[in-house]
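Okay, structure first, notes after.
The values are calculated or read from the model by the stated rules, or taken from the named source; none is laboratory data. Since the structure is predicted, the reported quantities are computational estimates derived from the model, not experimental observations. All Cβ positions, glycine included, derive from the backbone under ideal geometry; neighbour counts span all protein chains shown.
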Amino acid sequence: MSLVIKVIIPAFNEENGIGEVIREIPKNLISEIIVVNNASTDNTEQIAIEAGAIVLREPVPGYGRACLKGIEYLKQTQPVPDVVVFLDADHSDYPEEIPELLKPITQGADLVIGSRALGIKEDGSMTPQQIFGNWLATRLLKLFYGVKFTDLGPFRVIRFSKLIELEMQDKTYGWTVEMQLKAAKKGFHCVEVPVRYRKRIGFSKISGTVKGTIMAGYKILATIFKYL
């Protein structure tokens with residue numbers, strides 16, 4: 001029996017990248033693409049609709065908040081997905097690599113992280129503070145939760161039933177690390193797959209500013225210690 005696979009893409013002012021991301025998703029595998037317009041003030045929503053996505057609106061900014069909006073929508077859909085793919089809207093990920101992340105799922109994995117650390121990064125695609133932050137966070141996860149990850153990358157695939165079981169709560173920058181540490185605590189079968197990573201289209205609202213970098217770093221560390 002084939003899997004029902006749906007994609008959630010949080011998007012805040014990504015009019016320059018969102019269309020490319022949607023067009024590069026392998027449509028033969030995906031039954032629905034959901035873009036969550038997270039308080040955008042540009043043409044993100046219209047471009048996403050024209051590219052063939054379902055668009056939801058989450059007026060309060062927050063990466064995790066946008067993801068939660070997408071999950072609530074998927075709970076109401078028929079058929080409910082077997083698997084959910086999370087992608088960024090800035091074209092830094094390679095959507096055509098979705099089949100590579102799905103392979104471990106078909107072999108029994110519950111959560112698959114697309115690891116930029118294990119893959120090939122384009123020069124300048126990640127800032128030094130991003131690289132260090134990932135290094136620190138993944139080592140803390142190993143120290144406190146006994147799980148080995150190399151990245152907190154946003155490109156990931158998870159069984160929908162397992163995603164619901166995690167009872168995700170974070171509404172901002174701690175979303176990715178919350179998913180990984182909760183999966184570890186519950187004993188989920190977690191796998192990493194090397195992925196390529198390129199310079200994003202447009203300006204990063206997190207790593208592109210000092211304030212955003214500090215806030216993201218603080219929230220990630222706070223989330224790690226919160227669930228000890």
Residue set Leu152, Leu140, Leu101, Leu166; condition touching a strand residue (DSSP E or B) at 6+ places or on another chain (Cβ under 7 Å), modelled with pLDDT of 95 or more and not β-branched (Val, Ile, Thr); output residue Leu101
Checklist line | Qualifying residue in region 113-121 (condition: closer than 24 Å to Asn13 by Cα, among the β-branched types (Val, Ile, Thr), buried (at least 21 other Cβ atoms within 10 Å of the Cβ) and modelled with pLDDT of 95 or more) | finding: no
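Can you tell me which residue is surrounded by the fewest Cβ atoms within 10 Å (Cβ to Cβ) among those in region 172-197 that are aromatic (Phe, Trp, Tyr) and either in a helix (DSSP H, G or I) or in contact with a helix residue (DSSP H, G or I) (Cβ under 9 Å, 6 or more places away or on another chain) (or both)? If you could, list the steps in order and put the result at the bottom.
We begin by selecting, within region 172-197, every residue aromatic (Phe, Trp, Tyr); these are 173, 175, 188, 197.
Subset that is either in a helix (DSSP H, G or I) or in contact with a helix residue (DSSP H, G or I) (Cβ under 9 Å, 6 or more places away or on another chain) (or both): 173, 175, 188.
Values: Tyr173: 23, Trp175: 26, Phe188: 20.
Looking at residues that are aromatic (Phe, Trp, Tyr) and either in a helix (DSSP H, G or I) or in contact with a helix residue (DSSP H, G or I) (Cβ under 9 Å, 6 or more places away or on another chain) (or both), I get Phe188.
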When region 183-196 is checked residue by residue, the ones that are in contact with a strand residue (DSSP E or B) (Cβ under 9 Å, 6 or more places away or on another chain) and charged (D, E, K, R) are Glu192, Arg196
In the set Leu136, Leu152, Leu163, Leu101, the lone residue that is touching a Gly at 6+ places or on another chain (Cβ under 9 Å) and more than 23 Å from Gly217 (Cα to Cα) is Leu101
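Residues of region 103-114 being of a type in the set (D, E, K, R) and in a loop (DSSP other than H, G, I, E, B), which ones? Even if it seems obvious, please write down each step before you answer.
Looking only at region 103-114, we keep the residues that are of a type in the set (D, E, K, R), and these are 103, 110.
Answer for region 103-114, where residues must be of a type in the set (D, E, K, R) and in a loop (DSSP other than H, G, I, E, B): just Asp110.
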When region 98-112 is checked residue by residue, the ones that are buried (at least 20 other Cβ atoms within 10 Å of the Cβ) and not aliphatic (A, V, I, L, M) are Asp110
- request: Could you check, for region 197-217, whether at least one of its residues is at pLDDT 95 or above and touching a strand residue (DSSP E or B) at 6+ places or on another chain (Cβ under 9 Å)?
  value: yes
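When you check Val80 against the structure, is it at pLDDT 95 or above, over 16 Å from the mean Cα position of the chain (by Cα) and within 25 Å of Gly212 (Cα to Cα), yes or no? Write out each step before concluding.
Numbers: at pLDDT 95 or above: yes; over 16 Å from the mean Cα position of the chain (by Cα): yes; within 25 Å of Gly212 (Cα to Cα): no.
The answer is no for Val80.
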Among (1) within 21 Å of Tyr218 (Cα to Cα); (2) of a type in the set (A, V, I, L, M, F, W, C); (3) under 17 Å from the mean Cα position of the chain (by Cα), Val112 falls short only on (1)
Counting only residues that are of a type in the set (Ser, Thr, Tyr) and in a helix (DSSP H, G or I), region 115-147 contains a total of 2
